[in-house]
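The values are calculated or read from the model by the stated rules, or taken from the named source; none is laboratory data. Since we're looking at a predicted model, the values are computed, not measured. Cβ placement follows ideal geometry from the backbone for every residue including glycine, while neighbour counts extend to all protein chains displayed. Accessible surface areas use protein heavy atoms only, side chains included; no ligands, DNA or RNA. Shrake-Rupley method; radii C 1.70, N 1.55, O 1.52, S 1.80 Å.
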Amino acid sequence: MAKELIRLSNCCMSFDDNVVLDNINLYINDQEFLTLLGPSGCGKTTTLRIIGGFQTPTSGEVLFDGEKINDVPPHKRAVNTVFQRYALFPHLNVYENIAFGLRLPKTDPETKKKVKLSEAEIKARVTEMLTAVNLTGFEKRSVTSLSGGQQQRVAIARALVNRPKVLLLDEPLGALDLRLRKDMQNELKRIQKAMGITFIYVTHDQEEALAMSDTVVVMDGGKIQQIGTPEDIYNEPKNAFVADFIGESNIIDGYMRGDGVVEIFNRRFACLDKGFAVNEPVDVVIRPEDVDIVPEAEGQLTGTVTSVTFKGVHYDIIVDFYGFKWLIQTTDLSPVGSRIGIKIDPDGIHVMKKSHYSGMFGDYSSYSEEYEEISDASYDPTEEDEGDSNEET
Amino acid sequence: MSRKNSIGSRLFMGLVFFFLYAPILLLIIFSFNEGTSSAVWKGFSLKWYGELFQDRIIMNSVYTTLIVSVIATLVATVAGTLAAIGFYNMRKSIREPLMTINGIPMMNADIVTGVSLCLLFAAAFGAWNGFVSWMEVNYRLTAPRLYQGFGTLLIAHITFNIPYVILSVMPKLKQMDKHLLDAAQDLGCTWMQAFWKVALPEIKPGIVSGMLIAFTMSIDDFVISYFTAGATSSTLAMTIYSMTKKRVSPEINAISTLLFGAVLVLLILVNVLETRQQKQKKYTD
């Protein structure tokens, strides 16, 4: 079923001396929900703008249905975009915003003549879209009087009414509050399934990416770090950056002592990873929820609890193992200061090759600051404007 | 205590406004005076307004003023808007100095602008006329000689109007969501269509208020016109000035009243437009 629709091959992008994209290779299948995920400044928005036609890569090729489209302007591409802050036209009402694309004369590919849609057809298509995004009855409303969620729906309707092959979404839920965001996630997924078109979605929110996508592309520093299904990305991160960015991870230095055996803190653990050289130094990822707490005497490792935070479903506890602090999620309360033992099943351990991200992430010694950083997912629209020519810096 | 203060400050304010507006009020009152005197009230009459419209020189200069102002405003509005869009698309490091340079003519003394334009025209026309004479002598070819007049007056007005238009369009461009043009192109517009359909409606209030300011400045201008109009054309302000030198006719009161009224109406219009925009913006936020 998977038919390739878009391919970026060896795409590079730089503004002056600032390299924004470094050799991006990516293909996107028809009807796929693909997410570009990464921290601000990682190049995800630039990638989207290249696909949309707003920027031309410095080098490399952009293919659409096998045809090179590097120099095709946005208005001639079969893609439409939902912009960060929706970019609705303030001087037009909801109906006219959605009808905007339909009112423009289109060139018929066969007769080469300009064709204009009839007013009746425009009305039918706009009404159909309004129903699809649950905004029936809002036709005459001014877009500036709508709530964020409603503006969002208008933006989606305005893009989809043109029946694009691909919809590009640039942090579309960034400005909405949490509850609305969850609702819109389901809504978007539903629309994508119903209309059967490709969605390319840009976000810095890993939860959003995991919940919605067929494929997640994790980016950092202008490079693709990993491409895979949400499960792959979470369970088999390729390097310390991906492991840290997606969910919570304890990342510990270790050595492979043979297939299926990894050594950390001078103790050997059984794992499922194979194919490393014997005694190769590696990064070992252990997710906080994969650690079982046992009485001290029965533990594979023993440590001291240094902090406990109640999270509702579970406790987040920080445990000191030989000076290295782990985050463990558990439903059993172990008070601060108590000694505990832990057990890790072989499938709870994931071994990664060393990368230049090694040693940068996965230590919870500075727990509180790290937490602030994580909860600070609030969205700043200015931070993604990588290198626009009229950038306000 | 505070009550006393408030009476004192009100009195002070009253005085300030009295000194500001008493002369104008007096002028308006005496424009309706039956008699010739500017000191003795002889009764209400529209006599001077009537004579005003009979006066060839005044009506000619009113005509010149209107034509110059309208054409200069239109040209400056188009040029200024295009310039503002150009500035907007530049890097900030270039745009900011350019905006400062744009501000200089507005801050500059009119007399400097007037004299410098006058010198420029004189130098350019001198060179051209010299060239024409030389051709006549050597090749028996004739070409028109150029002198300062309506054309130079118009050029001068366009010149000093453009910065006001730029200054009033620029903030509207900056306020505009810069993704709007992207969005329009994304939906199938060429750049030009995107500009007409999306950017223009967004910056229109800025263009209109820039246009009104430019028109007011043109109607109002005396100094720059005086130096660039040459011997053949005369704006209303120039005519009034020359009338005060010969004889103080109450016609001056009448024409000044009309001029004052016209400028007042324009200024009120600009203000109303601006407050309406601000209200709209508040509503949007």
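Just a few scattered comments:
- Evaluating residue B:267 against the criteria (1) within 14 Å of another protein chain (Cβ to nearest Cβ); (2) touching a helix residue (DSSP H, G or I) at 6+ places or on another chain (Cβ under 7 Å); (3) open to solvent by 70 Å² or more (accessible area, probe 1.4 Å) leaves one unmet condition, (1).
- Total residues in segment B:3-36, condition more than 30 Å from residue B:249 (Cα to Cα) and of a type in the set (Val, Ile, Thr): 1
- Complete set of residues in segment B:69-99 that are farther than 20 Å from residue B:207 by Cα and either in a loop (DSSP other than H, G, I, E, B) or more than 14 Å from every other protein chain (Cβ to nearest Cβ) (or both): B:91, B:97
- When segment A:147-160 is filtered for residues that are among the small types (Gly, Ala, Ser) and within 14 Å of another protein chain (Cβ to nearest Cβ), the ones remaining, listed by number, are A:147, A:148, A:155, A:157, A:159.
- Qualifying positions in segment A:50-77 - open to solvent by 30 Å² or more (accessible area, probe 1.4 Å), assigned to a helix (DSSP H, G or I) and more than 8 Å from every other protein chain (Cβ to nearest Cβ): A:76
- Filter result (open to solvent by 30 Å² or more (accessible area, probe 1.4 Å), farther than 30 Å from residue A:196 by Cβ and either in contact (Cβ under 8 Å) with a residue 40 or more places away in the chain or of a type outside the set (D, E, K, R) (or both)) within segment A:17-44: A:18, A:19, A:22, A:23, A:39, A:40, A:41
- Residue that is within 14 Å of chain A (Cβ to nearest Cβ) and part of a helix (DSSP H, G or I), where the choices are B:184, B:237: B:184
- Scanning segment A:341-367 for residues that are more than 21 Å from residue A:276 (Cα to Cα), open to solvent by less than 80 Å² (accessible area, probe 1.4 Å) and not hydroxyl-bearing (Ser, Thr, Tyr) yields A:341, A:342, A:361, A:362, A:363.
- Test set (1) more than 20 Å from residue B:244 (Cα to Cα); (2) open to solvent by 70 Å² or more (accessible area, probe 1.4 Å) - residue B:75 fails condition number: (2)
- Under the condition of being more than 10 Å from chain B (Cβ to nearest Cβ) and open to solvent by 10 Å² or more (accessible area, probe 1.4 Å), the residues counted in segment A:78-101 number 4.
- Residue selected from segment B:123-167 under the condition of a type in the set (Val, Ile, Thr) and surrounded by fewer than 13 Cβ atoms within 10 Å (Cβ to Cβ), by the criterion farthest from residue B:107 (Cα to Cα): B:137
- Within segment B:103-122, the set of residues being surrounded by 12 or more Cβ atoms within 10 Å (Cβ to Cβ) and in a loop (DSSP other than H, G, I, E, B) comprises just one member, B:108.
- For segment B:37-64, filtering for residues that are assigned to a loop (DSSP other than H, G, I, E, B) and open to solvent by 90 Å² or more (accessible area, probe 1.4 Å) leaves 3.
- Listing of strands (runs of 3 or more DSSP E) fully contained in segment A:225-340 that carry 3 or more residues being among the polar types (S, T, N, Q) and either surrounded by 15 or more Cβ atoms within 10 Å (Cβ to Cβ) or in contact with a His (Cβ under 6 Å, 6 or more places away or on another chain) (or both): A:301-310
- One residue from B:201, B:205 being in contact (Cβ under 8 Å) with a residue 60 or more places away in the chain, within 14 Å of chain A (Cβ to nearest Cβ) and part of a helix (DSSP H, G or I): B:205
- Meets criteria (under 26 Å from the mean Cα position of the chain (by Cα), closer than 30 Å to residue A:78 by Cβ, assigned to a helix (DSSP H, G or I) and not small (Gly, Ala, Ser)) for residue B:163: no
- Residues in segment A:117-146 that are part of a loop (DSSP other than H, G, I, E, B) and within 12 Å of chain B (Cβ to nearest Cβ): 2 in all.
- Within the set A:207, A:296, the sole residue that is of a type in the set (Asp, Glu) and either in contact (Cβ under 8 Å) with a residue 40 or more places away in the chain or touching a strand residue (DSSP E or B) at 6+ places or on another chain (Cβ under 6 Å) (or both) turns out to be A:296.
- Candidates in segment A:156-178 are the residues that are out of contact with any Ser or Thr (no Cβ under 9 Å at 6 or more places or on another chain) and not in a loop (DSSP other than H, G, I, E, B); of these, the one that is surrounded by the most Cβ atoms within 10 Å (Cβ to Cβ) is A:158.
- Qualifying residue in segment B:115-134 (condition: on the phi < 0 side of the Ramachandran plot, within 14 Å of chain A (Cβ to nearest Cβ) and of a type in the set (Val, Ile, Thr)): no
- Options B:176, B:170: the member that is in contact (Cβ under 8 Å) with a residue 60 or more places away in the chain, over 25 Å from residue B:235 (Cβ atoms) and either open to solvent by 30 Å² or more (accessible area, probe 1.4 Å) or within 14 Å of chain A (Cβ to nearest Cβ) (or both): B:170
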